[in-house]
Structure formats: structure tokens, C-alpha cells
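The values are calculated or read from the model by the stated rules, or taken from the named source; none is laboratory data. Computed from a prediction, not measured in an experiment: that's the story for all the values here. Cβ placement follows ideal geometry from the backbone for every residue including glycine, while neighbour counts extend to all protein chains displayed. Ligands, DNA and RNA are excluded from the accessible area calculation, which covers all protein heavy atoms including side chains. Shrake-Rupley method; radii C 1.70, N 1.55, O 1.52, S 1.80 Å.
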Amino acid sequence: MNYIVCQEPGDFQLRQKVQPAAAAGEALLKIHRVGICGTDLHAYAGNQAFFSYPRILGHELSAEILEIGANDQGLAVGDKVIIMPYLSCGKCIACRNGKTNCCTNISVLGVHTDGGMQEVITLPVAVLMPAGKLSHDEIAIVEPLAIGAHALRRANLQAGETIVIVGCGPIGIGMMALAKIVGCTIVAMDTNDQRLAFVRDEIGVDYAVNVSKDPLDQVMKITDGDLATAVFDATGSRRALESGVDYMSHGGRYVLVGLSKGELTFTHPKIHAKETTLMCSRNATFDDFNWVKETLEGGGFPTDKFITHSVPYAEMIGDFDGWLKPETGVIKAVVRW
Ligand SMILES: [Zn+2]
Ligand SMILES: [Zn+2]
């Protein structure tokens, strides 16, 4: 069977190996789609922290069951499945408290262990979810949307809130779509006018603000001086992370979804006066995956417009460089297997 390995930064290779066999408690799966995300782009570019090569990338997966034993999820051969790509230990303090998303021993497919850029893969049945009527394209975007779902659930968002979401990449876009379903008024921010137009026209955010144009002033006007009761950073940019709290109201919460590499600095009196609740949001849980699945089933997300690029895997290596460039208009690229 064919697979693609990232041998070292900047070097993908298409190779062949023997198809694996499923061990007890595992299913044998045919991969249909692999979504490409920032993690994969960073791994390829060689600037992903704590990453070792060679590595088979791919954690945004859609698959079909080829072989499976008796299981509690009611899964059978031929079923399409959603894959939770975070393998958790089930024993650590986080797992014992139901927070498998931040397991102390977490192993993420395509990051810490080999992922889905292969024709066939074996995985523990415990990380599979029935995909019902979702298409393979929809299944492949459940994971990135679930990252946003988790961040929104962290903040316990309520209908009627006015919130700011900074960053109109795939994670931010997913958060905006879900926050709209919750019933929030959404202020989207980005530096890229094309992305801002996308979230205004396709997602229906209420305000699209370019951060180069006095964003604080604009949030003040939009909220009548109250500011936003919840602010989410989906950029991972240090400058954005440090200024996001400025858009937050007194008594609000600030949720960091994007990850930067170094230290962040906040002026204590400023965050103290607001009694800031500062939260980080990492990965997602089955509850988040379920929320996204229901949203997609209900037709509440423009999957066709979100997936801007789709290629068969044999063409991926030639096209991958282009997906590093925002000029290509890429939001989500998906590889077909
Ligand atoms: Zn991802
Ligand atoms: Zn654990």
C-alpha cells in the first residue's frame, strides 16, 4: 500500500509498505480524506516545536471500516467513521477527570505518532465515532471544527453575548459558525480582508474588523463601551495574544486557542481590574466532536466553501508548497486517498 512520509523538513516521499494487521481492540481502516492544517504546514516547513522526523502526517481524517471486532459503539464493516486523533492514556489525572484532551501522556496522530497519510491504518476502536450520513469531506473537517467547539464550551457561551474572535483561519471560522448557532453577536478580526469577507459572507458574522484599523475603538462602538464578554484568540501570534484581553469587558473571559512559542506579557492591574478569567483550550473531547457532527448533519456549515483545495494524494507533494502561501486563497486543503 502507498503512504506519504515527511522524511525531513521540506521533503515528502511517496512510498510503499505492507498493509498493517489490526491487533485486539483495534480496527483496520481505509483512509478516504486527510485535511491539512497549520500543524502539518509547520511540520513540513520545519518550525513545529518538539517534532521528530521521519513522520507520517495527518490528523484530520475520514475513514471507512475494513475490519472490526465486537464493539460498544455499534460500528460495523463498511461504516464511515470520525477519528478522534488524540490517543490518551486513560490513567493520568486529566484522563481520570474526563479531560482526555489534555492527558499528560497524550499522543496525537501525525504529530507524536504516525498519522493518516496512508491508504490503510490500524487504530484503537475507542477513538472511532460513527459518522452517520456525513460525507467524507464533512468527516475530515470535524476535528478542526471540534477544536473551536471545545474553546466555546470552555467559555460556557450564552445566547445574546457579544464576543470577539481574533483570527479567521480554519479554527476561527469554525468557532464563528458555532457561536452563531449559540446565538452570539460575533465580532471577527483578522489582518486579511479576503478572510474577513469570507466570514462576513459565508458564516454571517455580525462585524468583520481589520485589526490594522483601530480595533479597540471599533469594539467600543459596537458594544456601546461595554466591550466583549468573551474574547477568543485563534491566531497564536504573540502580538494578538497580548492585545486580545483589551477587547474583553470587565468580568469577561479570555480564551487562548492558538499557541505561540514563547512568553506572553500582561499588565497585572489591567487584567486584575477586569477580574479576567484566562483559559487555554487544547484539543477537544467526544462532546465537542458530537456537537460538530450534529451541526454538520443539520447543514449548518458551508463545507464546500470551507474546503478550498482538494487533490488526490499523488498530487499532494507537488501542491503542498502552495498551501503555505495565503495568496493561493487556501482556507482548508484536503487530500483524497
Ligand atoms: Zn489540525
Ligand atoms: Zn491521560
Q.
With the requirement that a residue be of a type in the set (Lys, Arg) and free of Cβ contacts under 8 Å to residues at least 40 places away in the same chain, what does the range 222-262 give you?
A. 238, 239
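Just the residues that are within 23 Å of residue 84 (Cα to Cα) and in contact with a Gly (Cβ under 9 Å, 6 or more places away or on another chain), please, taken from the range 10-28. Before the answer, list the steps.
Start the filter on the range 10-28 by keeping residues that are within 23 Å of residue 84 (Cα to Cα), which leaves 19-28.
Passing the criteria: 22, 24, 25, 26, 27.
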Q. In the range 290-333, which residues are under 14 Å from residue 139 (Cα atoms) and part of a helix (DSSP H, G or I)?
A. 290, 291, 292, 293, 294, 295, 296, 297, 303, 304, 306
**Q.** Restricting the range 39-69 to residues that are away from ligand 1 (no atom under 13 Å from the Cβ) and assigned to a strand (DSSP E or B), the residue that is most open to solvent (accessible area, probe 1.4 Å)
**A.** 67
(Q) So for the range 82-94 (the condition being more than 16 Å from ligand 1 (Cβ to nearest atom), in the same structural domain as residue 33 (by TED's automatic domain parsing) and assigned to a helix (DSSP H, G or I)), does at least one residue qualify? (A) yes
Q. So residue 163 fits all but one of (1) part of a helix (DSSP H, G or I); (2) in contact (Cβ under 8 Å) with a residue 40 or more places away in the chain; what number is the exception?
A. (1)
Q) Do any helices (runs of 4 or more DSSP H) lying entirely in the range 192-265 carry at least 1 residues that are touching a Leu at 6+ places or on another chain (Cβ under 7 Å), closer than 20 Å to residue 147 by Cα and of a type in the set (Lys, Arg), and which ones are they? A) 238-243
**Q.** Residues that are more than 22 Å from the chain's Cα centre (by Cα) and at positive phi, drawn from the range 193-218
**A.** 214
**Q.** Search result, residues across the range 235-290 that are over 20 Å from residue 174 (Cα atoms), open to solvent by 40 Å² or more (accessible area, probe 1.4 Å) and among the hydroxyl-bearing types (Ser, Thr, Tyr)
**A.** 265, 267, 277
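State which residue is farthest from residue 29 (Cα to Cα) when the search covers only the range 103-127 and only residues that are within 16 Å of ligand 1 (Cβ to nearest atom) and open to solvent by 10 Å² or more (accessible area, probe 1.4 Å). Talk me through it step by step, then tell me what you get.
First pass over the range 103-127, keeping only residues within 16 Å of ligand 1 (Cβ to nearest atom): 106-117, 127.
Those still in the list that are open to solvent by 10 Å² or more (accessible area, probe 1.4 Å) too: 106-108, 111-114, 127.
On the way: 106: 22, 107: 19, 108: 17, 111: 19, 112: 20, 113: 17, 114: 14, 127: 12 Å.
Taking the candidates together, the pick is 106.
Being without any contact (Cβ under 8 Å) to a residue 60 or more places away in the chain and part of a loop (DSSP other than H, G, I, E, B) is the filter; apply it to the range 97-113 and report the residue that is farthest from residue 6 (Cα to Cα).
Among those that are without any contact (Cβ under 8 Å) to a residue 60 or more places away in the chain and part of a loop (DSSP other than H, G, I, E, B), it is 97.
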